[in-house]
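Everything on this sheet refers to the single structure shown next.
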């Protein structure tokens, strides 16, 4: 109740202030010069604060909304998802010397076999006009003496529900790299005691790219599907800066011939 009353009072004061400055503007042509000088000084001070509010509001309101799962889907999509790491704040500003097995937010884990970690991770707020994801993940890799670096994304249970061999799983990414490298995507599907694996190389060279995994090329037991996860594998990442602006998943049935 108190918050509602403060809201009413704030609206009343704002309306009264607007009416007052409207009157001053109408009378400016005939106002006494000494009064007009004082009013100009107050108006300039007020305008500076208002310009600050408008600039900050324009900047914040132009950003992708936190929690947003908005992105284009293919016709017939029956499940889609943007991982939490790209939807909401991680909770840490960043991490240096990230160890293997480090959890990055909810459902993302970093793995490597470096003897000495020289990896730095940071979550960024996406601010570009074309960005759809609220956040991005920045990885800075300095000296890398290991044989592999991967980011594992655990897909939610809904991704496995109703999964059929006629499904395609599309992974779209927006990636920026400082130096050229190869990125491989390995989809893992656990069904009963078995795990099906499909590997694709992400075609770089353009900012937004995708791969599709066709489950027809697996021996998936549709009645025993338990879970899915994706490995993002970075080949030769040393002395590089990698920014994953967005990662999205979409599942849809293959077109019937």
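If you take the Cα atoms of the chain, find Rg, then find the Kirkwood Rh from the mean of 1/r over all pairs, what is Rg/Rh?
Details: Rg = 26.3 Å, Rh = 22.1 Å.
My calculation of the ratio gives 1.19.
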In percent, how large is the relative contact order of the chain, given Cα pairs closer than 8 Å and 6 or more residues apart? 22
Assertion target for 228, 239, 95, ordered by fewest C-beta neighbours within 10 angstrom first, is 239, 95, 228
Could you work out how much longer the chain between residue 31 and residue 199 gets when fully extended? Use 0.36 nm per residue separation minus the Cα distance between them, nm to one decimal. 52.8 nm
Cα axis of helix 2-27 to longest principal axis of the chain: angle in degrees, 0 to 90, nearest 10? 50
Only Cα pairs within less than 10 Å get springs; with that Gaussian network setup on the chain, which residue of 245, 20, 170 has the largest fluctuation? 20
Longest principal axis of the chain (C-alpha) makes with the long axis of helix 33-62 (C-alpha) an angle, in degrees to the nearest 10, of 10
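What is the calculated FRET efficiency for residue 106 to residue 16, with r their C-beta to C-beta distance and R₀ = 51 Å, to the nearest 0.05? Write down the numbers at each step before the final one.
Details: r = 47 Å, r/R0 = 0.92.
That gives a FRET efficiency of 0.60.
Each reported figure results from applying straightforward, stated rules to the coordinates on display, with no laboratory input. Every value quoted in this text rests on a predicted model; they were computed, and no experiment measured them. Positions of Cβ are backbone-derived with ideal geometry, glycine not excepted, and every protein chain shown enters the neighbour counts.
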